[in-house]
Every structure is written in structure tokens, then in C-alpha cells.
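Report on the following structure.
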Amino acid sequence: EKGAYEFFMLKEIDEQPGVIRGLEQTYLAEDGSVKLADDMMNALNQADRLYIVAAGTSYNAGLVGKSIFEKLAGVPTEVHIASEFGYNMPLLSDKPLFIFLTQSGETADSREVLSKVNQLGYESLTITNVPNSTLSREATYTMLLNAGPEIAVASTKAYTAQIAAETILAKGLGMLKQTAAAADFETGFELTKAANAIQSLVDQKDVVEGLAQKYLGTTRNAFYIGRGIDYQTAIEASLKLKEVSYVQTEGFASGELKHGTISLIEENTPVIAIITDPKTAALTRSNEQEVISRGASVINIVAEELATAEDQIVLPEVHPLLTPLAAIIPAQLLAYYTSKERGYDVDKPRNLAKSVTVE
Ligand code: M6R
């Protein structure tokens with residue numbers, strides 16, 4: 001039920017801190033160790049490479065997952081768009097393990113890949129929000145997100161829940177592999193910190209609403225830019241905005257703009273930069289100067305420790321691997337308020353279905 005909310009999307013954005021805390025309660029023991037089935041963890045531990053397969057927002061959560069699995073567990077990880085992977089399988093490693101990320105568990109493109117994986121005799125894990133869904137039943141193992149029903153077509157809480165689930169899984173796997181990164185990573189502490197950061201960001205809705213009205217109310221197009229993990233967030237941020245507001249939006253690697261796309265920048269084109277990585281913050285800021293000098297209007301979403309007085313949205317500190325959990329929140333809110341400002345049905349954007357059951 002929507003209760004006092006006009007649209008489910010905003011309700012689901014607000015639910016995210018609770019969803020992350022719920023995952024901690026379900027999958028973390030008192031001593032901080034990971035509670036996941038031994039047979040599943042052994043199967044993951046035997047794999048020499050992880051293949052994450054998904055569509056849409058779940059694919060974008062997989063892009064973030066790649067960094068988390070590689071950094072915490074030290075396992076090479078590939079991320080694939082389901083509709084591509086099914087008919088153009090890459091050369092597989094000796095011992096692949098497939099991870100299907102899917103909110104609904106019913107996406108036809110992902111189901112097609114799973115049935116091929118099953119024919120090939122490989123093991124698989126589905127991370128999903130829907131118990132007993134097709135992808136859950138047909139995979140070897142399931143990890144549930146327990147995020148509660150996601151009604152709005154635009155996925156929000158499933159994205160952050162998938163990243164939190166990947167974090168827990170990577171920690172468990174890293175401990176089996178005895179990586180130093182996993183030993184140093186305090187999952188409960190870091191996820192709680194991220195949940196608190198999300199809470200403080202959803203509490204500042206008015207600021208984001210004002211920015212949506214000022215910069216995105218009438219524009220035809222917009223860009224999200226970032227580098228590294230911020231680029232992964234930019235891809236999901238742009239999908240959110242285009243999906244519900246019909247503003248043509250691209251998520252772009254900041255450094256790549258000057259290789260062609262910068263020709264699209266006109267007077268007042270909104271460029272939204274995500275900056276959380278100290279290694280590349282100065283570079284992204286200089287890429288911003290390049291677009292500002294061509295007339296762009298810039299909105300900055302910046303980590304607290306890198307922020308200046310001019311940055312419009314400041315993100316509370318979170319672990320460097322988990323910055324997408326914080327940075328995506330203002331982007332979800334920008335999408336929501338832009339759609340509302342333009343008078344659209346936020347929960348049911350045109351031409352889209354919640355679950356895509358055709359290939
Ligand atoms: O249920 P799934 O996670 O498998 O769905 C995948 C995509 O269809 C879904 O994420 C879609 O991109 C959303 N509408 C994005 O907000």
C-alpha cells in the first residue's frame with residue numbers, strides 16, 4: 001500500500017535504509033561472520049571466475065558487484081547483459097559459476113541464459129527479491145533480497161539491496177579464500193554506515209526537488225559523468241532518469257566525453273557529476289570545466305571529504321566500495337522529481353512493464 005505517498009517509487013526510495021538493515025539481520029551473525037549455506041559457499045569457492053548475468057538495473061548492480069567481488073574476494077568477475085550473453089557466449093573459464101541478478105526472477109532474457117547454463121551442466125546462484133520465482137527455482141542456489149514488493153516500474157530498492165547482497169556474499173567468499181581485504185572489511189559496520197548515509201540523503205529531498213525543477217524541468221537531454229565506481233553509478237543514474245522522465249540521458253565515463261560526445265553539449269545542457277573517488281576527483285572536476293566552458297549547467301554529487309562549498313549534493317562518508325549505495329539516492333530522487341515536475345505517471349512510465357517476460 002502507498003499510504004501517504006503519491007507514488008510507490010518515492011515510498012520504495014525511502015524504504016532503502018530498512019532493506020539494508022534487514023539484509024544485515026538475515027545474513028550476518030553476531031560476530032560479523034556471514035550466514036550463508038555451506039554448499040553454496042563451497043560452490044562459489046571452487047569457481048575460478050564469476051559470471052554475473054542480468055538486465056537493466058540488475059545489470060547495473062552487477063557492474064558494481066564486479067568491483068566488490070574482485071576487491072573483497074579476489075575472484076575475476078565478468079558482467080554480462082543477459083540478452084547478449086544468451087546468443088553470443090564468450091569463451092568460458094574452466095570452472096565458471098553463474099550469478100543471476102534479478103528483482104523479479106522472471107526476466108525472459110535471464111531465463112534463457114539460465115536454461116543454457118543448466119544444459120551445459122554448470123552451477124548457478126540466483127539473487128532475487130521473489131521467492132519461488134522461475135530463476136530461483138531453476139538455479140542451483142538462491143539468495144533472497146527480502147526487500148518487500150517493488151511495485152514502481154523503476155527499480156530502486158532492488159538495486160541497493162542487490163549491491164548489499166553482493167557485498168555480503170563477497171565477504172563470505174573472501175573469508176573462505178582468506179583474503180586480507182575480506183578480513184579487514186567489517187560488513188555490519190560498513191552496511192550500517194551506508195544505511196545511515198541513505199537515511200540522511202532521503203531526509204534532504206527538498207534540496208533534490210529544487211535541483212530537478214531548476215535544471216531538469218524542461219531539458220531535452222542530460223549527462224551523468226563519473227570515473228571508476230562513479231561511472232558505474234552514473235550508468236544506473238542515467239537509466240533511472242531516462243526511464244521515468246523521458247529526458248534522453250547518457251551515463252558517461254568523464255574522461256571519454258572529450259573523445260566525441262562533448263559535441264552534444266549546448267547552452268544549459270545539464271551535466272551531473274558523481275565524485276567519490278579521491279584518485280580521480282580532480283580529473284572529473286577538470287572534465288567538468290571543459291563542459292562548463294561549452295555552456296553546460298553542472299550539478300555535483302560529491303563525497304563529503306572531497307566536497308567544496310559550491311557542490312549541491314554532499315554524500316555522507318561510506319566505504320569506498322559502497323559509494324554507489326549513497327550516490328544513487330540523489331539520482332533516484334532527481335529522476336522521481338523530474339518525472340513529477342513534468343506531470344507523468346512516475347510509477348508506470350510509457351512503453352514499459354515491471355517484468356519483461358519476452359526476449
Ligand atoms: O526483474 P529484473 O531485475 O530481472 O528486471 C530487469 C530489468 O527489466 C529492470 O531492472 C528494468 O531495467 C527496470 N525497469 C529499471 O528500473
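The values are calculated or read from the model by the stated rules, or taken from the named source; none is laboratory data. Here the structure is a predicted model, which is why all the values come from computation and not from measurement. Reconstructed Cβ throughout: ideal geometry from the backbone, glycine too, with neighbour counts over all protein chains shown. These accessible areas exclude ligands, DNA and RNA; they are computed on the full protein's heavy atoms, side chains included. Shrake-Rupley method; radii C 1.70, N 1.55, O 1.52, S 1.80 Å.
List of remarks:
- Close Cβ contacts (under 6 Å, 6 or more residues apart or on different chains) running from residues in the range 124-144 that are closer than 11 Å to ILE99 by Cα to residues that are of a type in the set (Phe, Trp, Tyr) and within 10 Å of the ligand (Cβ to nearest atom) comprise THR126/PHE100; LEU135/PHE100.
- The range 108-121, residues that are in contact with a Leu (Cβ under 7 Å, 6 or more places away or on another chain) and either among the hydroxyl-bearing types (Ser, Thr, Tyr) or assigned to a loop (DSSP other than H, G, I, E, B) (or both): SER110
- Restricting attention to the range 196-215, the residues that are touching a Ser or Thr at 6+ places or on another chain (Cβ under 9 Å) and closer than 15 Å to ALA273 by Cβ add up to 1.
- Strands (runs of 3 or more DSSP E) enclosed by the range 232-330 - at least 2 residues per element that are in contact (Cβ under 8 Å) with a residue 60 or more places away in the chain and of a type in the set (Phe, Trp, Tyr): none
- Complete set of residues in the range 56-83 that are open to solvent by 40 Å² or more (accessible area, probe 1.4 Å), away from the ligand (no atom under 14 Å from the Cβ) and closer than 29 Å to VAL358 by Cβ: LYS66, GLU78
- Residue that is least open to solvent (accessible area, probe 1.4 Å), among those in the range 243-266 that are within 21 Å of TYR159 (Cα to Cα) and of a type in the set (D, E, K, R): GLU243
- With respect to the conditions (1) farther than 18 Å from LEU211 by Cα; (2) aliphatic (A, V, I, L, M); (3) modelled with pLDDT of 95 or more; (4) surrounded by 19 or more Cβ atoms within 10 Å (Cβ to Cβ), ALA282 lacks only one, and its number is (4).
- Considering residues of the range 20-39 that are within 18 Å of ALA170 (Cβ to Cβ) and in contact with a Ser or Thr (Cβ under 8 Å, 6 or more places away or on another chain) only, the residue surrounded by the fewest Cβ atoms within 10 Å (Cβ to Cβ): LYS35
- Against the conditions (1) among the hydroxyl-bearing types (Ser, Thr, Tyr); (2) within 15 Å of the ligand (Cβ to nearest atom); (3) within 17 Å of the chain's Cα centre (by Cα); (4) assigned to a helix (DSSP H, G or I), THR126 satisfies every one except (4).
- Leading residue by the ranking (surrounded by the fewest Cβ atoms within 10 Å (Cβ to Cβ)) among those in the range 130-179 that are charged (D, E, K, R) and away from the ligand (no atom under 12 Å from the Cβ): ARG137
- THR269 being open to solvent by less than 40 Å² (accessible area, probe 1.4 Å) and either of a type in the set (Gly, Ala, Ser) or within 25 Å of ARG285 (Cα to Cα) (or both): yes
- Any chance VAL346 is within 16 Å of the ligand (Cβ to nearest atom), part of a loop (DSSP other than H, G, I, E, B) and open to solvent by less than 40 Å² (accessible area, probe 1.4 Å): yes
- Condition met for LYS240 (within 26 Å of GLY56 (Cα to Cα), out of contact with any Asp or Glu (no Cβ under 7 Å at 6 or more places or on another chain) and surrounded by 18 or more Cβ atoms within 10 Å (Cβ to Cβ)): yes
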